[in-house]
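Structure, as structure tokens:
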Amino acid sequence: MGLASACLGNIGGGDGDGDGPGLDEPVGEVLGRWSTRRLTKEQYRFTVQDVLGVNLGSEIDRLPTETRTEGFTNSALGLVVTTDHADGFFELAEIVPEAIDYGVLLGEHTSCQTLGEDACETELVQSLGEALFRRPLSEEEVVTFAELFDTAEAEELTYVDGAKLVIQAMLQSPQFLYQLEDETIDGAYRKVQSYEMASRLSYLIWQSAPDAALRKVAAEGGLDTREGVLAEAERMLEVAKSTRSSARFVRDWFALDALDGTAREGLTVDMARGLLDGAVATYQSHVDEGLPIASVLDTQVAYLPGFAAEWYGLPSKGEGVERYELDDVQERVGILSHPGTMTTISDRDLGGLVARGLFVMEHLMCRHALTPPPDLNLSDFTTHLGPEATERAYSEDRMANNSCKGCHLQFDPLAYAFERFDGIGRYQTESETGQPLFSDGEFIDGSETYSFETVDEYVSLLAESDSVQRCVTKKHLMFALGHRGEDLGPEIEQVHERFIAAGGTYEAMVLAIVAHDVFRTATLGETP
Amino acid sequence: MTIRRYRNVLSRRTLLRGAGGVAIALPFVEAMRASSVWGAEPEPPARCITLFFGLGLPKAMQQEGFSGPLEPLAPHASKLRMFRNVDMSEARGAGHPAGGTCVFVGEGSSNGEYSAGASIDQVMKKALHPNGVPTPIGTLAVGNFFRRAHGLYQRIRCWNEDGSRTVEPIEAPSELFAQLFGNFQQPGSEPDPEQQRKQRLRRSVLDTVVDEYERYAGASSKLGAESRVKIADHLERIRELEKRVFAEDVLEGCQVPDEPTDPDLPYGLSGATEYDAVQVSAASFQAAYRLNAELYAMALRCDLVRFGNLMFESSGGHTAFSGTYEAPSHSYEFRSEASDHNNWHESREYDMRWHAHFFQSNIAYALSQLDDDDYLEENGNTVLENALVVLGTETGTNHDMDGVFHAVSGANGRFEVGDFDDARVNAVDIYNTCIHAYDIDGNIGSQAHYNGDVTRMLA
């Protein structure tokens, strides 16, 4: 293995020259701004699984559940380290080494296993370190981590014990837990280096570390050109583990993690889990079939557990999640009316209508609600219509009140089509108090007002909406870069054009992003 | 390629740091005085703890003084300055996301997912301890709440300067106990040789890890400024972890409480549906909060932490209490079919009044723990008297920002306390007066709404 890439292996300081081979020049697109990100809980799990062969199972829950920030669990702003994270990383670093099959792991990374022999110790540190840190280690790093073999020797332990100490330390080190890059900039921008690009690609597409093949491509300069990046990304998208990222995206986008381990009235934990799996599978099948992302909003296919199929009026194919065609099903088109989604975007305490409308506005149209004025006092707006009135009736009452209309007009109508779905996505035509429920309405999108009579019409309008399609692009950019929505600008349009031109599919989206300068470069974007 | 390296059977790390073994048996002084807790510091250390309660307190009810929902605070009136006319228009809007991100920060966020800046406790922590706090825990956030659907503003009260959350609140008393006291060996127990070796190995590993974080956070790092801050924050968490794992002497001068049994409540994400109001027994909720308050107070007395927040109900609430609240003058039956938020939202005056009274009775309990004169500090004062305690909430009357109740403790003689303060003031003015009283330069919060320090507060 070579240590010549000091600029790659020595970000923490030292004698690296700070520059090196990189991608070809920018082409005039918006340049990137790098946000160092910690591995998410899921990325930690996948990386340990792929590199060390350890399936953590429920032990991963020693780490806290990641919080969605602006909808995403991998937002740089949200990936802080709390006390629980530090404790979790510490505990997992002791658990993981005990679960490793050393016959396999050492066979992959060392040619000898003699404690006290420098060659045997440094070989492991170099080879395993490169897999865990996603780049070759600097000489200083090799020496530092290999010293832990000295500790093992001093305690009269074995080579394997020494290896365990090395792994413990590596699993808690910043080189493992963070996607770190050499942020030294000499000029207006920096080009992302080969190993850094391998890591960016790998965590975007696989939610895990680069494999040996990808690192080999990086070492040979195969990621130094836009064409090289695209070729490798295309290969990676063909690998089965690319579904990890598309699944993570849709789980974040539609807040589906809320179905994991929770229950509601009429919905057990197991049923909720079935809906989660079904909603993810609905999206995944869309990705697998190479269909445009936005059309998942009015897809005629749903993956459902048996009980939910019956909610659709379809004969169940069994308890498990199965594919169902919706051609003959009314008012049940697209992923939004999937009971999994209907459940997660509902809010029976606040009112399902407001929560669903806000969701569509913020996560499908990428618009934020106006903040109510500081002197707003809700005392005047009580439940004067009585408990029997439907949410639609209250909404229409708000629309008639200028104090309320300013905000609620933005999002209430976006949920009118879903009035017939209860808090867990069951279809009903009357409320619990016998009031009729409706699915018609009209909403404003840009400068146009659109009318609809049914859910089918409404979700088709959303799927075809230019603002929704641009929002899909913005959401993917946020997911890929870890940025806040407000930090993104013209790159949305630039990526969007390429994405649409290439068919609007998930694959087109990933390729449009990785080929763009926003992914391949970084500006300072901060005061050093 | 093989790298040659200097080697010694007793490695550098072993020689320098581990040769003597790690003593984990703790000196355990029964004395309640805290003379040794502060170490060599002659003055009480600067501490800033924020106390939060959700949903606000209507301005008219504040004006009722101790004959209204503020009645439970009466025993602590001599130790507080209570502001009843706080303008929090720096929240930049009405409602929970605006108020929930503004309280203790002094500026509302445009997005309930992050703040506009650091909270006052974090401002003080960073300013007074730029190289890391000397306590085992840097920031301690504890709270009882269920709402977590719409944004971090609901449960996060401790914010970093970049708008990210500093820590997540701990909910279960047993979890809080474990974090504060769980790693300490009881006095008199024999050290286990195998455990001692395990600790030496842990020390070697963590020394290696810490060196790496220091390298990346240091001046020669090739990371940018923002990235270095992230690494430095992580390093701080590891240093805190070390103090827990290798607990030596840190409990001298304080008393480990009994391990609590958690009241029957759903805790954490597993217990709470994301969107629905959670129906719980008010008695259990209160019991959990009070256990947490007791542990928090002990953590302060033991100098395990100096900065953080204790929260009673989240911003926006949405807890549906059941059972009876026995106030001194009234017995109130909770309407379990409605969440506390709905009582505010729908301006149910009677229900809101007794919910608010219930809230304040628990805030008063937390204050009584901080003010327990069985635990006087070296200068003869209680924690409440010595520390900066800022009590605040998110809204005034039903989601507006007019009359957002606040109170401030004396902070070891820095502030005049003992009465209501009804002069108009912005929350950001109060916060800045607080930090300036600790000789911290600069201002926090919205400069557009900052009218200058509240000099009448100063002692």
Whole number please: convex hull volume per residue of the Cα set in the range A:34-104, in Å³? 92 Å³
What are the extents of the Cα atoms of the protein assembly as shown along their three principal axes, in Å, largest first? 81, 77, 55
If you count the DSSP beta bridges with both ends in the protein assembly as shown, what percent of them are antiparallel, to the nearest 5? 55 percent
Using the number of other C-beta atoms within 10 angstrom as an exposure proxy, rank A:Val80, A:Val160, B:Val408 with the fewest first. A:Val160, A:Val80, B:Val408
Applying 1/(1 + (r/R0)^6) with R0 = 60 Å to the Cβ-Cβ distance of A:Asp445 and B:Ser220, what FRET efficiency is obtained, to the nearest 0.05? 0.70
Please compute the volume of the convex hull spanned by the alpha-carbon atoms of the range B:50-97 and report it per residue in Å³. 104 Å³
Taking Cα atoms, how many degrees apart are the long axis of helix A:402-411 and the longest axis of chain A, rounded to 10 and kept between 0 and 90? 50 degrees
The relative contact order of chain A, taking Cα pairs under 8 Å that sit 6 or more residues apart, comes to a percentage of 18 percent
Using only Cα atoms and rounding to the nearest 10 degrees, what angle (0 to 90) does helix A:159-172 make with the longest principal axis of chain A? 40 degrees
For the range B:361-415, whose charge dipole is built from +1 on Lys and Arg Cβ atoms and -1 on Asp and Glu Cβ atoms, the candidate among B:Gly410, B:Leu367, B:Thr382 with its Cα farthest towards the positive end is B:Gly410
For the range B:364-459, what ratio Rg/Rh do Cα atoms give with a Kirkwood hydrodynamic radius? 0.99
Expressed to one decimal in nm², the mean projection of the alpha carbon convex hull of the range A:141-195 is 4.9 nm²
Taking the square root of 5 times each eigenvalue of the Cα gyration tensor, what semi-axes in Å does the equivalent ellipsoid of the range A:407-528 have, largest first? 37, 16, 14
Assuming R0 = 41 Å, what is the FRET efficiency of A:Glu220 and A:Ala389, from their Cβ-Cβ distance, to the nearest 0.05? 0.05
Looks like the range B:70-174, by Cα gyration tensor root eigenvalues a ≥ b ≥ c and the a/c under 1.5 rounded cutoff (else prolate when a/b is bigger than b/c, oblate otherwise), is rounded
Alpha-carbon Rg with Dmax, taken over the range A:100-186, Å: 13.3, 49
Lysine pairs in chain A with Cα atoms under 22 Å, if 8 or more residues apart or on separate chains: 6
Assuming 0.36 nm per residue, please report the length gained on full extension of the stretch A:Gln300 to A:Arg235 beyond their Cα-Cα distance. 20.4 nm
Per residue of A:90-97, count partner chain C-beta atoms within 10 Å of its C-beta, then hand back the mean as an integer. 2
To the nearest 20 debye, what is the magnitude of the charge dipole of the range A:243-286 about its Cα centre, counting +1 on the Cβ of each Lys and Arg and -1 on the Cβ of each Asp and Glu? 160 debye
What's the Cα-based Rg to Rh of the range A:397-463, Rh via Kirkwood? 1.00
Where labels lie 7 Å past Cα in the beta-carbon direction, separation of B:Asn451 and B:Tyr365 in nm: 3.7 nm
Nearest-20 debye value, the protein assembly as shown charge dipole, Cβ charges on Lys, Arg, Asp, Glu: 1160 debye
Got a sec? Charge dipole of chain A, +1 on Cβ for Lys and Arg, -1 for Asp and Glu; which of A:Gly222, A:Thr243, A:Ala263 is way out at the positive end? A:Ala263
Treating only the Cα positions of the range A:143-235 as identical point scatterers, give the base-10 log of I(q)/I(0) from the Debye formula at each q in 0.14, 0.15 Å⁻¹. -0.67, -0.73
What is the dipole size for chain A, taken about its Cα centre, with +1 at each Lys and Arg Cβ and -1 at each Asp and Glu Cβ, in debye to the nearest 20? 840 debye
Helix A:139-154: inclination vs chain A longest Cα principal axis, degrees, rounded to 10, gives 80 degrees
Share of Cα-Cα pairs in chain A beyond 29 Å, in percent? 57 percent
Along the dipole axis of the protein assembly as shown (charges at Cβ: +1 for Lys and Arg, -1 for Asp and Glu; origin at the Cα centre), the most positive-end residue among B:Ile231, B:Ser89, A:Pro305 is B:Ile231
What's the exposure ranking of A:Thr82, A:Thr65, going from fewest to most Cβ atoms within 10 Å? A:Thr65, A:Thr82
Let me know the volume per residue of the alpha-carbon convex hull for the range A:62-213, in Å³. 144 Å³
Ascending count of other beta-carbon atoms within 10 Å, so fewest first, for A:Trp311, B:Trp354, A:Trp253: A:Trp311, B:Trp354, A:Trp253
Multiply the residue gap between A:Asp186 and A:Thr65 by 0.36 nm, knock off their C-alpha separation, and tell me the result in nm, one decimal place. 39.7 nm
List, largest first, the extents of the alpha carbons of the range B:304-387 along their principal axes, each in whole Å. 49, 28, 18
With θ set to phi - 60° and the Karplus curve 6.51 cos²θ - 1.76 cosθ + 1.60, what are the ³J(HN,Hα) couplings of the range A:39-51 in order, to the nearest whole Hz, using x for Gly and Pro? 4, 6, 4, 5, 5, 4, 4, 5, 5, 4, 5, 6, 8
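Readers should treat all values here as calculations from the given coordinates under stated rules, not as data from a laboratory. Predicted, not measured: the structure shown is a model, and the values here were computed from it. All Cβ positions, glycine included, derive from the backbone under ideal geometry; neighbour counts span all protein chains shown.
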